[in-house]
Every structure is written in structure tokens, then in C-alpha cells.
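Peer 1: First the structure, which I've put down as C-alpha cells, then a few questions once you've had a look.
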Amino acid sequence: MRLSKQLATVTAVMLGTVALMGQGQAQAPAAGPARAQPAPGGFGGTPILHTVKEGKLYWAIAGAVVGIIIGDHGVILIDDGFAHVDDVVKKLTDKPITTVIETHDDTDHINGLYTTPNADKLKIIAMEDNWKQQWTTFKWTEKPKAACPQSPMPPAPNVIVRQDKVATTIDGVKMVFHHYGPSHTGHDLIIELPDYKVAFVGDVVFNNDLFPDHPGLPPQDHNMFWKSEKRGTPLGMFHNVDELLKLNVVGYVSGHSSHLMSKADIKRVRDDVKTDYDKEAKMTRSGMSLDDIRKAVGEDKYPPGPRGGCIAYVDLPWYAYNETKRDMEELKNNGTVK
Ligand SMILES: [Zn+2]
């Protein structure tokens, strides 16, 4: 069922989708041969604005999604991933941006902070491991800095969430913070907005193809990927989606989707990935090597080099193989498997 129908059942109404022309400079994609103009809503393109409730709740997408919540006195952003989000906000309200909540620390979700006014005075809310990740390893560990120059560090989180089900009210807006263990990263933060019956889920589950300029993700990855260097794992995603499905919401705003995802949408992504993961885990238990599994599922046709550009990319068979092997070894060491 489409979003607008679902939202009609609650006070939140999907009012429309508007491409915002004439925004500031968006972040340029990685240098390379001449490219076509970035598409509206894509990385580096003009942000596209979606309205959940006029005057109250919006989200904009330019590659990654930024949630825009109008509070009593200021504006709360969920992620701040593309340049000049403040230009989008100015078209909606005169209130200043006061708070940014980070779903995780990937650059496409936080690097807009460089262009947000008074960024060093904002309340920046994140999971504890997000904060640690930013202070310890930070961005250039993802790929060599020479090949993928990154910006200096943006202002770090200064309000830390450590638990699941942390209910609070910020600037008159009710929120519940959730953390269901590792999924896209080890520190994914989900923001439930009970008054609007939506949840912002970051990259726990999404369905846009993030690498259209590259050979594309193999079908068995279902457009999803996980950050192994930040303790992300598809195993955790299965559990995270199971928990998300229990929330009393009618839709999910993901970090990379062009529509509000329904319960059926996120369940489908989860089930599709799990079906292939389970198949690959079974191959592992039958004694196949990782190379053989990659060949068997066609993953070998997608060399890791170009895929993902400046981010670390690890394919689904890698997770299925290594996580299954690890469990087999640990069980064997404990004497429970012969
Ligand atoms: Zn992302």
C-alpha cells in the first residue's frame, strides 16, 4: 500500500513532494571523468522535499535523507548529510536549527554540518559508539586519504544515547530513541516520533541504489550494504527490522529511500536479504570456500574495486561466510559440534 493511503489513517498526511530549485552548492561526488548533472534527489543534486505534516515534519533527500522537525522554538534535524540543509529549512520556517540527531556517523549523514550555521553551538545527539567512532578512527580509515580526500572532522556529538527506548521531549516534540544492536553500523540510532507515527531508521534498511554510476550491486545484495569496519552486519539487520516492525508507526523514513517505506516494504527487504544470506550460510556449512560461494551466486562478476567509490564495501557472501565460519569454530571449540 502506498504511503499516502497509510498516512491518511493518522493525523500525518503526505502532502507532496517538491524539488527545491536553487539550493546552495551540494557536495560534489568523487572526482572522475565528466559526469552528467546529478539528478534531483540524488547525491550532489537538488534536494527533493517530502511533507509528512505541513508546518511540522518534513524530510529532504539529496542522496541521503535529512529529517526536518519544526519544534516550538527551533528546528531539529535528523541527520545533516548534504550541504546547505539550512536553505531548505529557510523555505519552511524562520526558526533556527538548534539540534541535530545523527542516525550514524557515515559521512553522507553528517557532513552537511560543515555548512550548517553555528554548528559548534548545536545540540548534537548520537549513540555512544558514534561519538567514539568519530573521535578515534574517523573517516579516512575507510579508504586511503590520498585516494579519497575527506573533510576535517565536523562538530562531534555532545548528547549521548546509550540505551533502547529512551523517551524524551525536545522543543515540544515527543521522541523515542531506539537501538537494537548492530545493523548498518554498531551504533545505529532509530528515532520514533509517536505523534506522527513515523520512525527515522537511518541505514538500517533502505532501498535506493546508491551506486548507479558503478556496475551496480549484485542482485543478491538487494541494494543494501553494511559497514563491517563499524561492526555493521546483516545478521543484526534481520533483528533490527523485526524490532522495527513492532513499532506503532505507519511508515519508516530511511537514510536512502525516495518514499516512506511501509511495514511490508521493510519486511520485504529483510526477507530478500535473509533468504540469500541463509543460502550462502548453508553453502559455507557444506564446506564451500568464499570464492566458490561468490561464483555460485554471481558475486564474482562485481569486483569490489569500483563499487562503493570511497566507502568500504563488503558483499553479502563475505558476511554469510565469515559469520557462519565463526559460529562453527566457536561451537567446535566449545565441544558442542563434532
Ligand atoms: Zn547512508
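The values are calculated or read from the model by the stated rules, or taken from the named source; none is laboratory data. Predicted model, so just to flag it, every value in this text is computed and none were measured. For neighbour counting, all protein chains shown are included, and Cβ atoms are generated from backbone atoms with ideal geometry for every residue, glycine included.
Peer 1: Counting just the residues of the range 280-298 that are in contact (Cβ under 8 Å) with a residue 40 or more places away in the chain and crowded, with 16+ Cβ neighbours inside 10 Å, which one comes out farthest from the chain's Cα centre (by Cα)? It would help to see each step written out before you state the result.
Peer 2: From the range 280-298, those in contact (Cβ under 8 Å) with a residue 40 or more places away in the chain are 280-281, 284-285, 297-298; that's our starting set.
Checking the rest, the ones that are also crowded, with 16+ Cβ neighbours inside 10 Å come to 280-281, 284, 297.
Values: Glu280: 25, Ala281: 25, Thr284: 29, Val297: 26 Å.
My answer is Thr284.
Peer 1: Quick check on the range 247-275: of everything there that is in a helix (DSSP H, G or I) and among the β-branched types (Val, Ile, Thr), which residue is surrounded by the fewest Cβ atoms within 10 Å (Cβ to Cβ)? Write out each step before concluding.
Peer 2: Here is the first cut: in the range 247-275, the ones in a helix (DSSP H, G or I) are 263-275.
Subsequent filtering for residues that are among the β-branched types (Val, Ile, Thr) retains 266, 269, 273, 275.
Details: Ile266: 26, Val269: 21, Val273: 23, Thr275: 12.
Selected residue: Thr275.
Peer 1: Which one of these does Phe238 not meet: (1) more than 16 Å from the ligand (Cβ to nearest atom); (2) touching a strand residue (DSSP E or B) at 6+ places or on another chain (Cβ under 8 Å)?
Peer 2: The number of the failed condition is (2).
Peer 1: Considering only residues of the range 197-207 that are over 11 Å from the mean Cα position of the chain (by Cα) and closer than 19 Å to Ile61 by Cα, which is farthest from the ligand (Cβ to nearest atom)?
Peer 2: Val198
Peer 1: Going through the range 240-261 one residue at a time, which ones are more than 16 Å from the chain's Cα centre (by Cα) and in contact (Cβ under 8 Å) with a residue 40 or more places away in the chain?
Peer 2: Once the filter is applied, which keeps residues that are more than 16 Å from the chain's Cα centre (by Cα) and in contact (Cβ under 8 Å) with a residue 40 or more places away in the chain, the range 240-261 yields Glu243, Leu247, Asn248, Val249, Val250.
Peer 1: Give me a count of the residues in the range 92-116 that are under 15 Å from the mean Cα position of the chain (by Cα), surrounded by fewer than 24 Cβ atoms within 10 Å (Cβ to Cβ) and modelled with pLDDT of 95 or more.
Peer 2: Counting residues in the range 92-116 that are under 15 Å from the mean Cα position of the chain (by Cα), surrounded by fewer than 24 Cβ atoms within 10 Å (Cβ to Cβ) and modelled with pLDDT of 95 or more gives 0.
Peer 1: For residues that are surrounded by 24 or more Cβ atoms within 10 Å (Cβ to Cβ), within 14 Å of the ligand (Cβ to nearest atom) and farther than 18 Å from Pro194 by Cα, tally how many sit in the range 56-87.
Peer 2: Here the count works out to 9.
Peer 1: Go over the candidates Asp300, Asp278 one by one and state the one that is at pLDDT 90 or above and either more than 16 Å from the ligand (Cβ to nearest atom) or assigned to a helix (DSSP H, G or I) (or both).
Peer 2: Exactly one residue qualifies, and that residue is Asp278.
Peer 1: Could you check Ala199 against (1) crowded, with 17+ Cβ neighbours inside 10 Å; (2) closer than 19 Å to Tyr313 by Cβ; (3) in contact with a helix residue (DSSP H, G or I) (Cβ under 8 Å, 6 or more places away or on another chain) and say which number it fails?
Peer 2: Result: Ala199 passes all but (2).
Peer 1: When you check Val66 against the structure, is it closer than 28 Å to Pro182 by Cβ, in contact with a Gly (Cβ under 8 Å, 6 or more places away or on another chain) and free of Cβ contacts under 8 Å to residues at least 40 places away in the same chain, yes or no?
Peer 2: It is false that Val66 is closer than 28 Å to Pro182 by Cβ, in contact with a Gly (Cβ under 8 Å, 6 or more places away or on another chain) and free of Cβ contacts under 8 Å to residues at least 40 places away in the same chain.
Peer 1: Right, another one. How do the strands (runs of 3 or more DSSP E) wholly within the range 37-114 filter down when requiring 2 or more residues that are under 21 Å from Val161 (Cβ atoms): which remain?
Peer 2: 57-62, 64-70, 75-78, 97-101
Peer 1: Please determine, by comparing only the residues of the range 303-329 that are aliphatic (A, V, I, L, M) and part of a loop (DSSP other than H, G, I, E, B), which one is modelled with the lowest pLDDT.
Peer 2: Within the range 303-329, the match that is modelled with the lowest pLDDT is Ile311.
Peer 1: Name the residues in the range 158-176 that are touching a residue at least 24 places away in the same chain (Cβ under 8 Å) and under 29 Å from Glu229 (Cα atoms), would you?
Peer 2: Matches in the range 158-176: Asn158, Val159, Ile160, Val161, Arg162.
Peer 1: I'd like to check something: does the range 19-41 contain any residue that is closer than 23 Å to Val159 by Cα, at pLDDT below 95 and either within 16 Å of the ligand (Cβ to nearest atom) or among the charged types (D, E, K, R) (or both)?
Peer 2: For the range 19-41, residues closer than 23 Å to Val159 by Cα, at pLDDT below 95 and either within 16 Å of the ligand (Cβ to nearest atom) or among the charged types (D, E, K, R) (or both): absent.
Peer 1: Can I ask one more? Working carefully through the options Ile70, Ile124, find the one that is modelled with pLDDT of 95 or more and under 26 Å from His184 (Cβ atoms).
Peer 2: Every option except Ile124 fails the conditions.
Peer 1: Cβ-Cβ under 6 Å, sequence separation 6+ or interchain: first residue in the range 192-205 and in a strand (DSSP E or B), partner within 12 Å of the ligand (Cβ to nearest atom) and not aromatic (Phe, Trp, Tyr). Which pairs?
Peer 2: The qualifying pairs are Val201/Ser254; Gly202/Thr103; Gly202/His104; Gly202/Asp188; Gly202/Gly255.
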